[in-house]
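Working notes for the structure below.
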Amino acid sequence: MGKQLTPNFYHDRVCLNVLAGSHQNAKEIYQAAETYVVVGVLSKNYADLNSAIDDMAKYADEIDNALSVGLGAGDPNQSNMVSQIAKVIQPQHVNQVFTGAATSRALLGQDQTIVNALISPTGEVGKVKISTGPLSSNYPDAIVPVETAIAMLKDMGASSVKFFNMEGLKYREEYQVVAEACASCDFYLEPTGGIDLNNYTEILKIALNAGVKKIIPHIYSSIIDKATGNTRPEDVKKLLEMTKQCL
């Protein structure tokens, strides 16, 4: 039996995305989430490609391949490294900037792994910023209708919109429209940035009520123990409980 390339979604709808501070932490998170999670490991934390591949392969083995290969705070300069890692590891989830999604998909060589692409709020409902790549992020913003952004991502073989940085519910109306667009365009949604135990339920409900088929909320710094750098498994349990209540 080959390894599973698609994440486990609770009720086929929701999969958590949280960061691991260590191998032990990854295993604890995976158990706490009852496998409905992809565990993020950041490429930026490694000195070079080979050390990243070696270590991430171990992570993948420990958590039934429920690995999310991360950039590192959405750093566009990590885009190519993430694609190169994904090619070898074949994880369940890959984080990308808008311009990196097609490279990741092509190098993966299959369409089961979920590849997201980062688009950002603009302050204007229905419009998103897609210039999130290594070069494009340094130029004047490319702002397009969210439906066009999603169609471009489909062209490029991406699976989902990573809407970042949401800063919690600061861009609530924009997020609502992005969720509705993902639902109508049959595309997945990954809300990211400033999500915590207090606003999680509301953020999840907006996407569920909009009819988004699959949702991967990223809950990062708010549930990380600052002293150890590890994600608190008890908080992951709470997130799963909240998820179950919403479904």
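Of the strands (runs of 3 or more DSSP E) lying entirely inside the stretch 120-235, those containing at least 1 residues that are touching a residue at least 24 places away in the same chain (Cβ under 8 Å) and surrounded by 15 or more Cβ atoms within 10 Å (Cβ to Cβ) span 127-129, 160-163, 188-191.
For the criterion of being within 20 Å of Ala101 (Cα to Cα) and at pLDDT 95 or above, Gly40 passes.
Scanning the stretch 10-64 for residues that are part of a helix (DSSP H, G or I), hydrophobic (A, V, I, L, M, F, W, C) and either open to solvent by 50 Å² or more (accessible area, probe 1.4 Å) or within 18 Å of Thr243 (Cβ to Cβ) (or both) gives Ile29, Ala32, Leu49. Residues satisfying the criterion are absent from the stretch 73-94 (criterion: touching a Leu at 6+ places or on another chain (Cβ under 9 Å), under 21 Å from Asp196 (Cα atoms) and crowded, with 22+ Cβ neighbours inside 10 Å).
The values are calculated or read from the model by the stated rules, or taken from the named source; none is laboratory data. Please read these numbers as outputs of a predicted model, since none were measured by experiment. Here the Cβ is made from the backbone with ideal geometry for all residues, glycine too, and neighbour counts use every protein chain on show. Note: accessible area is taken over every heavy atom of the protein model, side chains too, but ligands, DNA and RNA are not part of it. Shrake-Rupley method; radii C 1.70, N 1.55, O 1.52, S 1.80 Å.
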